[in-house]
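What follows is one structure encoded as structure tokens, with my remarks underneath.
Values in this text are rule-based calculations from the coordinates and carry no lab data. The shown structure was predicted, so the numbers you read here are calculated from the model rather than taken from an experiment. Ideal geometry is used to build each Cβ from the backbone, glycine not excepted, and the neighbour counts take in all protein chains shown.
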Amino acid sequence: MNGQNRPSYDPDWQARYRGTIRTPEQAVQLIKAGQRVFVGTGCAQPQALVSAMTARSGELAGLEIVHLLTLGVAPYAHRELTRNFRVNSFFIAENVRDLIQEGLGDYTPIFLSDIPRLFESGQLPLDVALIQVTPPDARGYCSLGISVDVVKSAAANASLVIAEINPRMPRTLGDSFLDVNDIDLLVPVDRPLIEYPQAEPNELTRQIGQYVAALVEDGATMELGIGRIPHAVLEYLKDKRELGIHTEMLTDAIVDMIEAGAITGSRKSLDRGKIVASFCMGTKKLYDCIDNNPLFSFRPTEYVNDPFIIGQQNNMVAVNVALEVDLTGQVCSDSLGSKFFSGIGGQVDFNRGAARAHGGKAIIALPSTAQDGSVSRIVSRLTPGAGVVTTRGDVHYVVTEYGVAYLHGKSVQDRSLALISIAHPDFREQLLKDAVEVKFVRPEMAAVGDKLMVGPQELRTTYVLDDGTQINFRPIHPTDEPRMKDLFYDLSQETLYYRFMQAMKHIPQKQLMDFVFVDHRTDVAIVGTVPEAHGEEIVAIGRYFLDPHTNRAEVAFTVRDRWQNRGIGSFLLKTLVTIARRNGISGFTAEVLKENKAMQTVFNNSGLKVHSHLAGGVYSFEMDFH
């Protein structure tokens with residue numbers, strides 16, 4: 001997959017630039033006490049230079065070490081060296097987390113897209129930049145390789161640039177090159193890059209990945225972060241077609257996606273045909289793939305993370321993770337209470353960019369619990385000290401292993417109910433009590449605590465009408481109450497009379513709640529929807545309710561008048577039969593008015609063993625599955 005005609009590096013580069021070549025120990029002699037030193041990102045950390053600098057700790061009092069994210073060993077981040085080195089991190093990795101949580105290092109919360117401006121404006125002036133690059137080519141250009149991100153800006157703005165020149169660094173293409181004459185000291189090294197094997201998804205993260213992948217359409221452009229959840233999402237995208245990638249970071253999983261043929265970038269609005277990223281963290285498998293590969297375009301953070309650039313990609317899907325979400329939709333991603341854990345990173349950049357993109361989707365994904373299931377990540381109030389990274393006004397989709405909650409433009413009550421429905425079942429009742437107590441939801445909602453859930457994803461299906469219109473069928477959701485209200489008041493009096501067997505001018509709130517709050521086991525409701533500008537419109541609903549004494553379920557359905565006589569009722573019945581059979585139910589019962597010929601025809605033509613009798617103007621149907 002990588003380039004086969006890789007240009008040779010200038011074989012005489014060491015002779016050509018002899019005057020600027022130093023050993024690591026010689027190079028770091030120019031670092032002075034009290035200076036601010038930038039260290040290259042992630043797997044491109046210049047290890048030899050960092051080790052040499054740390055060895056001079058006794059001479060470098062008051063040194064500030066600035067970095068975005070470092071991996072591998074961070075020898076300067078030891079407690080005994082805090083008088084000499086002060087860590088200042090824009091994103092907290094495991095190797096500096098303890099130091100920062102103990103107050104012995106600093107965390108600077110900032111949008112990733114804003115970091116280059118700190119360097120360029122002089123607000124955070126850099127005295128030294130320690131980076132790692134490829135050897136210069138014949139034209140004198142070195143590639144920043146696997147980490148362009150904020151490194152390019154740091155190199156452009158530091159007073160002194162010291163670079164490890166490593167032939168093992170992949171030569172990435174795009175806006176990823178530095179003129180060797182802009183590097184003050186060249187330090188030849190030949191050592192393997194830091195590798196970051198991707199954690200394998202587990203059953204829980206795969207379920208989240210499946211829900212997220214269901215939101216991704218063919219031709220979408222994706223941003224995916226680090227961790228098990230983004231990796232799991234990619235597993236379920238292999239059957240998609242013509243996907244594009246515009247993301248701050250790549251992992252090994254991208255290689256499998258390319259080999260599966262899912263990624264072409266052919267429908268991207270910008271950088272068509274290119275996989276755009278600013279850095280990568282992976283293994284030699286990934287590094288070999290990106291090496292001199294024209295499919296990849298590595299660009300600086302100020303381009304990749306610019307929300308206005310991101311927003312120009314049609315169907316942009318951004319997937320980011322969180323630590324905690326409260327019932328109003330506030331997202332905490334960088335701290336556990338008052339303990340800083342990670343960082344803002346690119347979450348807000350991509351969330352806002354995807355939200356403003358045509359057809360875009362901004363997704364926050366997280367497991368429903370933490371600490372082996374003892375703590376809910378969906379909470380009524382954020383943990384004291386927790387910071388809000390994505391505000392309640394910015395949040396769109398929230399996904400757990402229990403389903404998808406769409407919050408944008410929703411009331412606090414609808415948000416609360418949607419989030420409770422995708423929380424872990426062990427915590428839903430208490431979350432609902434909390435929501436009632438703080439007046440997020442109406443008091444009468446307290447009675448539906450055991451029915452706040454999202455139906456299984458496998459119950460989703462589609463039906464195409466004769467004219468090509470596609471109806472999407474899914475389990476009813478707690479937040480469908482306003483859609484059900486719209487459906488009810490759009491029905492003709494005749495349809496209402498046939499469905500409820502009485503004249504109805506209005507539907508009580510309690511009855512609406514009974515429609516949308518179901519347990520998806522004994523009480524199952526499936527709605528048929530079509531997309532509208534405001535989201536989706538419910539055009540039909542089918543429902544059954546099990547009588548455990550007979551193991552039969554009473555079935556009924558309603559179709560919006562202008563959608564009747566198009567086969568939707570028959571399809572709904574077949575769908576409900578499939579679900580009921582899967583749940584071990586032996587048959588259906590139904591009550592149908594004598595005048596309701598259409599419904600009688602649906603039942604009689606169902607292919608089931610049907611018995612019926614007429615009494616008092618009402619047909620009683622019994623339908624056997626066996």
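For the reader, a short list of remarks on this structure follows.
- Here the label points at Tyr497 and Thr461, each 7 Å from Cα along the C-beta direction, are separated by 3.3 nm in the simple model.
- Cα-based shape type of segment 537-626, given that a ≥ b ≥ c are square roots of the gyration tensor eigenvalues and the cut on a/c is 1.5: oblate
- Cross-link partners for Lys361 among the aspartates and glutamates, with Cα-Cα distance under 18 Å and sequence neighbours closer than 8 places in the same chain left out: Glu217, Asp218, Glu223, Glu242, Glu248, Asp306, Asp349, Asp394, Glu532, Glu536.
- Net charge of neighbours whose Cβ lies under 10 Å from the Cβ of Pro482, counting Lys and Arg as +1 and Asp and Glu as -1: -1
- Ranked for footprinting exposure by Cβ neighbours inside 10 Å, fewest first, Val151, Val379 give Val379, Val151.
- Cut-off 13 Å between beta-carbons: net charge of the residues surrounding Arg566, Lys and Arg +1, Asp and Glu -1: -1
- Relative packing of peptides 154-163, 345-354 - highest average C-beta neighbours within 10 Å first: 345-354, 154-163
- Neighbour-count ranking [beta-carbon atoms within 10 angstrom, fewest first] of Leu573, Leu417, Leu487: Leu487, Leu573, Leu417
- Two numbers describe the Cα atoms of the chain: Rg and Dmax, which are 29.5, 105 Å.
- Loop-located trypsin sites (Lys or Arg not before Pro) in segment 468-558 whose Cβ has at most 12 other Cβ within 10 Å (DSSP): Lys505, Arg521
- Neighbourhood charge, 11 Å Cβ-Cβ cut-off, centred on Thr283 and excluding it, Lys, Arg +1 and Asp, Glu -1: -1
- Charge dipole of the chain about the Cα centre (unit charges at C-beta), most positive-ward option of Ile290, Pro188, Ile263: Ile263
- Segment 206-223 - phi-based ³J(HN,Hα) in whole Hz, Karplus 6.51/-1.76/1.60, Gly and Pro as x: 5, 5, 4, x, 5, 5, 5, 4, 5, 8, 9, 9, 3, x, 6, 10, 10, 10
- 3J(HN,Hα) couplings calculated from phi for segment 265-278 with the Karplus curve 6.51 cos²θ - 1.76 cosθ + 1.60 (θ = phi - 60°) are, in sequence order, x, 6, 10, 5, 7, 10, 6, 4, x, 10, 8, 9, 8, 10 Hz; Gly and Pro show x.
- Overall form of segment 17-188 per C-alpha gyration tensor (a/c, 1.5; a/b vs b/c): prolate
- Hz values of 3J(HN,Hα) by residue in segment 542-548 - Karplus curve (6.51, -1.76, 1.60), Gly and Pro given as x: x, 8, 9, 10, 7, 9, x
- Looking at segment 378-447, none of the GluC sites (Glu not before Pro) sits in a DSSP loop with at most 15 other Cβ atoms within 10 Å of its own Cβ.
- Among the listed pairs Lys240/Lys284; Lys451/Lys485; Lys451/Lys510, those whose Cα-Cα separation exceeds 22 Å are Lys240/Lys284.
- MRE, 222 nm, helices only [DSSP H, n ≥ 4, -39500 (n - 2.57), over the chain, to nearest 500]: -7000 deg cm²/dmol
- This ranking places Cys332, Cys142 by how few other beta-carbon atoms lie within 10 Å of each, fewest first, which gives Cys332, Cys142.
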